[in-house]
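First up is the structure itself, then whatever we jot down about it.
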Amino acid sequence: GGMAAELLLLLLLLAAGPGPGPGRAQRDALREELLLSPLPAGDVAATFQFRTRWDADLQRGEVSHYRLFPKALGRLVAALGVRELHLALTQGFWRTQAWGQPPLQAPAGAELWVWFQPTVTDVDKAWKELSNILSGIFCASLNFIDSTNTVTPTASFKPLGLANGTDHHLLRYAVLPREVVCTENLTPWKKLLPCGSKAGLAVLLKAERLFHSSYHSQAVHIRPVCRDASCLAVSWELRQTLTVVFDTFASGQGKKDWSLFKMFSRTLTDACPLASQSKVYVDISPKNKEKELLEVSPPPTSVHEAVVQGDKRTYAVYDLLSPLLFNTSRSLNVQLKWQRPQDSSELPTPVLHAQRYVSGYGLQTGEISTLIYNTHPYRAFPVLLLETVPWYLRLYVHTLTIITKGKENKPSYIHYQPAQDRRRPHLLEMLIQLPANSITKITIQFERALLKWTEYTPDPNHGFYVGSSVLSALVPSVIAMKDVDEEQSPLFTSLFPSSDGSSYFVRLYTEPLLVNLPTPDFSMPYNVICLTCTVVAVCYGSFYNLLTRTFHVEEPSRGGLAKRLANIIRKFRGVPPL
């Protein structure tokens, strides 16, 4: 009896302890998800999302025990007063016109935007410290973010999480379009996952396959969200997302049939043991009215229908936590087969897409042109355009023209902050109305500045990068969207909060630009140094030789060898020489 009482007491103590035991509600939860979307040209986009949600108040610094949430990021949020953090590292460019709207888009290179708490007194100092710490965590060149490439947008980047007020002075945004993303950035990203890359969907993240692709983007999103429907308490959400596009021709397959093994050289064997949900979604929506174009095997555990980005989609769902899934075989290798080749004339064009280019001749002036397309047959909608241009391209704002259908289109809101040489870039934000079925052309002229010779990059003739334009818009939906419970819906539908059922939020990025600046011939200093050194060596050497050498006149010696031998003998004998 005494033994049973002691055992019961021990169990009660364990249940009441600080750990996430059976007697205590779970304070953090992990969901992992993979979305496979066949793209029109036969390519496949794979989007991984790992969401860690933690019912803790990071800001007050009361947290000491970290279970699923990475400690490096948790302490960063607490120490620097971060309210929301979004970091994306991207290699390649998402071709919206050919591939459609991306689930999560990011510009080429590195993008970082952060909202700070109102309690932060010196935002610029916190921003500098934050970019340096993130540079160390993700092994990226984020330490190159400074005042010359940082802007404070007034309207484009609203908080995606909970926000009491939106004082835009607490926001900082920067892009490094030249940042190269590779395995040294992927490894620390994977280490932040609760299971690392040892179990669950992260097993598929094999670096040599991910970087052998036409597009690769990895991101980290931290934001505060409501804990429940009443929203009386705050939870912190960390989303780690990774999008990769596999090209049929780059992979050497040539065929349009895909499988997990063909894409990642691996298959799925189990879910992450720490995950409360682990699912694979395959987009099997019929692309036309006739019949299904795509079939998947093995048979999915369920089918999910949802309205995503204004379009009705059907998904085959594989639940890795379902005991039925691994009954027949030890591993899951999802296969996608096209029943017949897709006709290119059926390709749907996205409602909103844009392109950007630089024109002009010579190395003094030029023009930046942006084309924005609204392909909706009957609905007009406004779009918010954000342009960040480096200081060494001197914009002439009086040359700004916006033409739609041959007529001038006046923006309803415009915010312009001129650049200061070597201190800050140009910032231009405009709210432009896009009429139905129209192309809007925005042009602005600039003059190239002449840099100091120490300010040029090691490869100045490669050119200088101008970051992508950002387009933010509420695009009208073809199908009315119902309000769904965020916990029940897939992760890929819930990053951007939808305002109402009639429209959905889209953020697009245009191509980065490569601009040539007037560049001195850097081989000339080398030539001058070589020539000068040669002349100095020859002239100075000869002159010094003449000044310091002493001349002696020697009389011709007689007797030669016999005389010298005689003198040696006389020396030994102690007799004076001849």
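The values are calculated or read from the model by the stated rules, or taken from the named source; none is laboratory data. In this text, all values refer to a predicted model and were calculated from it rather than measured experimentally. Note: ideal-geometry Cβ built from the backbone for every residue, glycine included; neighbour counts use all protein chains shown. When the accessible area is computed, the model is the full protein with side chains, heavy atoms only, and any ligands, DNA or RNA have been set aside. Shrake-Rupley method; radii C 1.70, N 1.55, O 1.52, S 1.80 Å.
Quick one: would you say residue 301 is open to solvent by 50 Å² or more (accessible area, probe 1.4 Å), in contact with an Asp or Glu (Cβ under 6 Å, 6 or more places away or on another chain) and modelled with pLDDT of 80 or more?
On the way: open to solvent by 50 Å² or more (accessible area, probe 1.4 Å): yes; in contact with an Asp or Glu (Cβ under 6 Å, 6 or more places away or on another chain): yes; modelled with pLDDT of 80 or more: yes.
Answer is yes for this residue.
Looking at the stretch 436-461 only, could you name the residues that are open to solvent by 70 Å² or more (accessible area, probe 1.4 Å) and touching a residue at least 24 places away in the same chain (Cβ under 8 Å)?
Those that are open to solvent by 70 Å² or more (accessible area, probe 1.4 Å) and touching a residue at least 24 places away in the same chain (Cβ under 8 Å): 437, 439, 441, 445, 450, 453, 461.
Just one of the numbered conditions (1) modelled with pLDDT of 90 or more; (2) under 30 Å from residue 239 (Cα atoms); (3) among the hydroxyl-bearing types (Ser, Thr, Tyr) is not true of residue 477; which one?
(1)
Of 378, 318, which residue is at pLDDT 80 or above and open to solvent by less than 30 Å² (accessible area, probe 1.4 Å)?
So the residue among 378, 318 that is at pLDDT 80 or above and open to solvent by less than 30 Å² (accessible area, probe 1.4 Å) is 318.
For the structure I just gave you, tell me whether residue 146 is of a type outside the set (Lys, Arg), open to solvent by 10 Å² or more (accessible area, probe 1.4 Å) and either touching a Leu at 6+ places or on another chain (Cβ under 7 Å) or free of Cβ contacts under 8 Å to residues at least 40 places away in the same chain (or both).
Yes: the conditions hold for residue 146.
Restricting attention to the stretch 177-204, report how many residues are basic (Lys, Arg) and assigned to a loop (DSSP other than H, G, I, E, B). Show your work before the answer.
Narrowing the stretch 177-204 to residues basic (Lys, Arg): 178, 190-191, 198.
Next, from what is left, pick out any that are assigned to a loop (DSSP other than H, G, I, E, B): 178, 198.
Result for the stretch 177-204: 2.
Regarding the stretch 79-95, can at least one residue be identified that is part of a strand (DSSP E or B), open to solvent by less than 40 Å² (accessible area, probe 1.4 Å) and farther than 30 Å from residue 231 by Cα?
Yes, some residue in the stretch 79-95 is part of a strand (DSSP E or B), open to solvent by less than 40 Å² (accessible area, probe 1.4 Å) and farther than 30 Å from residue 231 by Cα.
Which residue, of 219, 229, 163, 174, is small (Gly, Ala, Ser), closer than 30 Å to residue 275 by Cα and not in a loop (DSSP other than H, G, I, E, B)?
219
Every residue in the stretch 558-567 that is surrounded by fewer than 10 Cβ atoms within 10 Å (Cβ to Cβ) and at negative phi, please. Talk me through it step by step, then tell me what you get.
Restricting attention to the stretch 558-567, the residues satisfying the condition of being surrounded by fewer than 10 Cβ atoms within 10 Å (Cβ to Cβ) are 558, 560-562.
Scanning the stretch 558-567 gives 558, 561, 562.
Give me a count of the residues in the stretch 435-461 that are of a type outside the set (D, E, K, R) and in contact with a strand residue (DSSP E or B) (Cβ under 8 Å, 6 or more places away or on another chain).
Of the residues in that region, 13 qualify.
Any idea which of 231, 182, 195, 272 is surrounded by fewer than 20 Cβ atoms within 10 Å (Cβ to Cβ), more than 15 Å from the chain's Cα centre (by Cα) and assigned by the TED database to the domain that holds residue 319?
Result of the check over 231, 182, 195, 272: 231.
Out of 51, 31, 95, I need the residue that is over 21 Å from the mean Cα position of the chain (by Cα) and either outside the structural domain of residue 303 (by the TED database) or not small (Gly, Ala, Ser) (or both). Which one? Show your work before the answer.
Values: 51 fails: over 21 Å from the mean Cα position of the chain (by Cα); 95 fails: over 21 Å from the mean Cα position of the chain (by Cα).
Going through 51, 31, 95 in turn, just one is over 21 Å from the mean Cα position of the chain (by Cα) and either outside the structural domain of residue 303 (by the TED database) or not small (Gly, Ala, Ser) (or both): 31.
Just to be sure before I move on: is residue 138 of a type in the set (Phe, Trp, Tyr), open to solvent by less than 60 Å² (accessible area, probe 1.4 Å) and out of contact with any Lys or Arg (no Cβ under 7 Å at 6 or more places or on another chain) in the structure I sent?
yes
Using the structure shown, decide if residue 98 is aliphatic (A, V, I, L, M) and either modelled with pLDDT under 90 or in contact with a Phe, Trp or Tyr (Cβ under 7 Å, 6 or more places away or on another chain) (or both).
yes
Given the criterion in contact (Cβ under 8 Å) with a residue 40 or more places away in the chain and of a type outside the set (Asp, Glu), identify the matching residue among 513, 547, 565.
When all the criteria are applied, what remains is 513.
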